[in-house]
Amino acid sequence: MHTDVAVKWKLSGFGDEIDPDPELQACVLLALGARNIEVRSAWGINVVDLDAEQTAALRKTLDARGLAVSAVASPIGKVDVSLDPDHEVERLRKVIHVAKALDSKYVRVFSFYRAAGIAAASVRDDVLVRMRLLADEAEQSNVVLLHENEKEIYGDTPERVLDIIESVGSDALKVAWDSANFVQVGVRPFSQAYAMLRPHLEYLQVKDALLATGQVVPAGRGDGQLLETLTALRDDGYRGYASLEPHLADTNALGGFSGPLAFGEAARAFAELTNKIGVALS
C-alpha cells in the first residue's frame, strides 16, 4: 500500500503477563515502544478486586511513566451462565469504577461458560439476557465492553460472536479480536471470521496458536493468519489498539503469564509483521 503518511496503531499489552508489579510492567512496555497498557491485575490483585486506594496508586504509577490505559481486562462473564444475572452486573459496576479511575473507556468481557454436556443453543437466551444487562450498565456509564472470543464460552465461534453482538444491538458492546482463541476452537480466523466480524471489530488482541495442539505461540508463527488479518485491518482503516497478550509461559482460568523475556519475544514477533506491512506502532 502506498501512502504519504504511515498507518499507526497504538501498541499496548497485558501488563500482568510481564510481572505482578506495575512498575516493572511499565518499564518493560516502555522499553518495547508501547505507550499504553492493558490492566488485568496489579500486585497480583485482579481488577474486579482493586479498591479505590489501590486503583489510585496504580494510576499514579502509570501516570509517572506516561502510560495510558488502553483497556481494563475484566473477568466479567467468565463464569457459569447458571449464576444469577445480578452477580456479574455487580462485578461489572466495580470494574467500571476502576476503568473510570484509570481513564479507560474499554472493558474486556466474556459471554459465559456452561456445564459439560450442555449444548450452546440451549443457553443462548440466558446468555443474551446477561449480555444485554451488561451492555445496559456500560451504556449508562459511557464505557464500551469488548467481547473476547475465549474458547468454551458461548461466544467462542464467529457465528455465535456475531449472534451476541447483533442480538444485543448496543454501541456499548463490540468485538475484541483474538486470533489464537479462534484457532483453539478449530477456526481459521481470517478465512472464516474476519469478514463476518470486521464491522464490529473495535480492539485487537495479539497472540497466535497452533491448530494441531492449541499451543499459543508468538504472532505469525502459528495458524492464526495474522499477516492476512493485519494487512486487511491496515487496508480497511483500523487505527486502534494492538494489545500483546502472549500467554507464552503459563495459561490459567484468569489469564496467562509470559515474563519479561518472553513478552519481549512476543513484541518483536508482532513488530516483524507490522514492519512488513508498513504499520507503525506507538
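The values are calculated or read from the model by the stated rules, or taken from the named source; none is laboratory data. Keep in mind it's a predicted model, so treat the numbers as computed, not measured. Note: ideal-geometry Cβ built from the backbone for every residue, glycine included; neighbour counts use all protein chains shown.
Does Gln184 fit the bill of being surrounded by fewer than 17 Cβ atoms within 10 Å (Cβ to Cβ) and modelled with pLDDT of 95 or more?
So Gln184 does not fit the description; no.
Which residue pairs have Cβ atoms under 6 Å apart, sit 6 or more places apart or on different chains, and have a first residue in the stretch 137-160 that is crowded, with 21+ Cβ neighbours inside 10 Å and in a helix (DSSP H, G or I) and a second that is basic (Lys, Arg) and at pLDDT 95 or above?
Note: pairs meeting the criteria are Tyr154/Arg160.
Yes or no: Asp80 at pLDDT 95 or above, over 25 Å from Val206 (Cβ atoms) and not aliphatic (A, V, I, L, M)?
Here the answer is yes, as Asp80 does meet what is asked.
Only one of these is in a helix (DSSP H, G or I), among the charged types (D, E, K, R) and either crowded, with 16+ Cβ neighbours inside 10 Å or under 19 Å from the mean Cα position of the chain (by Cα) (or both): Arg108, Arg130. Name it.
Only one candidate passes the filter, namely Arg130.
Can we say Val95 is out of contact with any Lys or Arg (no Cβ under 8 Å at 6 or more places or on another chain) and surrounded by 16 or more Cβ atoms within 10 Å (Cβ to Cβ)?
yes
Does Asp208 satisfy the condition of being in contact with a strand residue (DSSP E or B) (Cβ under 9 Å, 6 or more places away or on another chain) and either at negative phi or modelled with pLDDT of 95 or more (or both)?
yes
So how many residues does the stretch 49-88 have that are touching a Pro at 6+ places or on another chain (Cβ under 6 Å) and β-branched (Val, Ile, Thr)?
The qualifying residues number 1.
Checking Ile153 against (1) more than 30 Å from Ala57 (Cα to Cα); (2) over 17 Å from the mean Cα position of the chain (by Cα); (3) not charged (D, E, K, R), which test does it fail?
(2)
Tally up the residues in the stretch 24-56 that are assigned to a helix (DSSP H, G or I), out of contact with any helix residue (DSSP H, G or I) (no Cβ under 6 Å at 6 or more places or on another chain) and of a type outside the set (A, V, I, L, M, F, W, C), please.
Qualifying residue count, the stretch 24-56: 3.
Please specify each residue of the stretch 111-127 satisfying the condition of being over 18 Å from the mean Cα position of the chain (by Cα) and either of a type outside the set (Val, Ile, Thr) or crowded, with 22+ Cβ neighbours inside 10 Å (or both).
Arg114, Ala115, Ala116, Gly117, Ala119, Ala120, Ala121, Ser122, Arg124, Asp125, Asp126, Val127
I'd like the full set of residues that are in contact with a Phe, Trp or Tyr (Cβ under 9 Å, 6 or more places away or on another chain) and either in contact (Cβ under 8 Å) with a residue 60 or more places away in the chain or of a type in the set (D, E, K, R) (or both), limited to the stretch 42-75.
Ser70, Ala71, Ala73, Pro75, listed by residue number.
Run Gly237 past the list (1) on the phi > 0 side of the Ramachandran plot; (2) in a helix (DSSP H, G or I) and report the number of the one that doesn't hold.
All conditions pass for Gly237, except number (2).
A quick yes/no check of all residues on (1) in a strand (DSSP E or B); (2) more than 25 Å from Ala31 (Cβ to Cβ); (3) of a type in the set (A, V, I, L, M, F, W, C):
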residue	(1), (2), (3)
Trp177	yes, yes, yes
Ala180	no, no, yes
Phe190	no, yes, yes
Leu197	no, yes, yes
Ala212	no, yes, yes
Thr229	no, yes, no
Ala242	yes, no, yes
Ala267	no, no, yes
Glu272	no, no, no
